[in-house]
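Below is one structure; the comments refer to it alone.
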Amino acid sequence: MRKIATLFVRDPEHRSRVLPTVTPGCAWVLQGEGTPTRKWDGTCVMLDAAGAWWARREVKPGKTAPPGYVPVETDEVTGRTVGWEPVGQSGFAKLHAEAVARGDATAPGTYELLGPKINRNPDGWESHVLMPHGWAPPAVQQDCATAPRDFDGLRVWLLDRPYEGLVWHHEDGRMAKLKACDFR
């Protein structure tokens, strides 16, 4: 799991916002390549091929990584290292166990852990669930397919919806993301 590039360059004076300049390596999105999917507002977890569950974890510079932590990459700008920790020792262990008990997530891959006690539950989930990354109900998939491919159009489109944002998936594995809050 690598950090997904934001489609537009972050404003160096206000890092929470983006500028109308495409991030190097992401122009393919504006050229109409890739499939847009809904970005869910939860926390990332992974079921590996051996059947072990992991939680995404960022470790700030100068901080000690938790036991069993597997680093994946370090952000050159922030110095934060993103990686995986065993989900059983994460702050989401109990909520994750509730979601796993539903039995919906059995295939290895990454999932978004969503529910009443995660990120203020903006989607109103009644229980904790595991949503496979890239999945959404057909109506949401159809809506995401209508997303424009330009800065101004995306700003209007995203701010008009209850979605956290979009993630574009290129057939060669590249990804790019954009969140509604990037425009606020």
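We did not get these values from a lab; they are worked out from the coordinates using the rules stated. Keep in mind that what you see is a predicted model, and the values were worked out from it rather than measured. Heads up, the Cβs are rebuilt from the backbone with ideal geometry, glycines too, and the neighbour counts pull from every protein chain shown.
Using helices alone, what [θ] at 222 nm do you get for the chain, with -39,500 (n - 2.57) per DSSP H run of 4 or more residues, divided over all residues and rounded to the nearest 500? If you can, show how the numbers build up before the last one.
Working: 4 runs with 29 residues, N = 184.
Rounded to the nearest 500, it is -4000 deg cm²/dmol.
Hey, what do the phi angles of segment 163-169 turn into as Karplus ³J(HN,Hα) couplings, whole Hz, using 6.51/-1.76/1.60 and θ = phi - 60°, x for Gly and Pro?
Values, residue by residue: 7, 5, x, 10, 10, 9, 10 Hz.
Let's see if you can work this out: charge +1 on each Lys and Arg Cβ, -1 on each Asp and Glu Cβ, no other charges. What is the dipole magnitude of segment 1-64 about its Cα centre, in debye to the nearest 20? Please list the in-between numbers first.
On the way: 11 positive and 6 negative charges, 52 e Å.
That gives segment 1-64 a dipole magnitude of about 240 debye.
Remind me, relative contact order of the chain in percent, using alpha carbon pairs under 8 angstrom and six or more residues apart? Working shown, then result.
On the way: 319 pairs, mean separation 53.1, N = 184.
29 percent.
So which residue, out of GLY153, GLY62, GLY32, gets the largest mean-square fluctuation from a GNM of the chain using Cα contacts under 10 Å as springs?
GLY62
Can you compute the modelled spin-label distance between THR106 and ARG80, with each label point 7 Å from Cα toward Cβ, in nm?
3.5 nm
D for segment 5-183, whole µm²/s, Stokes-Einstein with Kirkwood Rh over alpha-carbon pairs at 10 °C and 1.306 mPa s: what number? Walk me through the numbers on the way to the answer.
Working: Rh = 17.5 Å.
The calculation lands on 91 µm²/s.
Average the reciprocal distances over every distinct pair of alpha-carbons in segment 1-98, invert the result, and give the Kirkwood radius in Å.
Working: mean 1/r = 0.0633 Å⁻¹.
This gives a value of 15.8 Å.
Of PHE151, THR81, GLY51, which is farthest on the positive side of the dipole of segment 5-183, counting Cα position, with +1 on Lys and Arg Cβ, -1 on Asp and Glu Cβ, and the Cα centre as origin?
Of PHE151, THR81, GLY51, it is THR81.
Using amide H atoms built 1.01 Å from N in the peptide plane, name the residues 5+ places from HIS169, or on other chains, whose amide H lies under 5 Å from its own.
Residues meeting the amide H criterion: THR35, THR37.
Along the positive direction of the dipole of segment 10-145 (beta-carbon charges: Lys, Arg +1; Asp, Glu -1; about the Cα centre), which of HIS14, THR64, LEU130 reaches farthest?
The listed residue farthest towards the positive side: THR64.
Among DSSP bridges having both ends in the chain, what percentage is antiparallel? Round to the nearest 5.
Bridges in the chain are about 95 percent antiparallel.
Could you pull out every residue, at least 5 positions away or on a different chain, whose amide H is within less than 5 Å of the one on VAL72? Hs are placed 1.01 Å off N in the peptide plane, and Pro or chain starts have none.
VAL82, GLY83, TRP84
Per 0.36 nm of contour for each residue apart, how much would the distance between ALA139 and ILE4 grow if the chain were fully extended, relative to their Cα-Cα spacing?
Details: separation 135, 0.36 × 135 = 48.60 nm, distance 2.47 nm.
Full-extension gain reported as 46.1 nm.
If contacts are Cα pairs under 8 angstrom and at least 6 residues apart, what is the relative contact order of segment 10-86 in percent?
On the way: 80 pairs, mean separation 15.9, N = 77.
RCO, segment 10-86: 21 percent.
For segment 35-49, what does the Karplus curve 6.51 cos²θ - 1.76 cosθ + 1.60, with θ = phi - 60°, yield as ³J(HN,Hα) per residue in whole Hz, taken in order and with x for Gly and Pro?
Listing the rounded values in order: 10, x, 10, 6, 8, 8, 9, x, 9, 7, 9, 9, 9, 8, 5 Hz.
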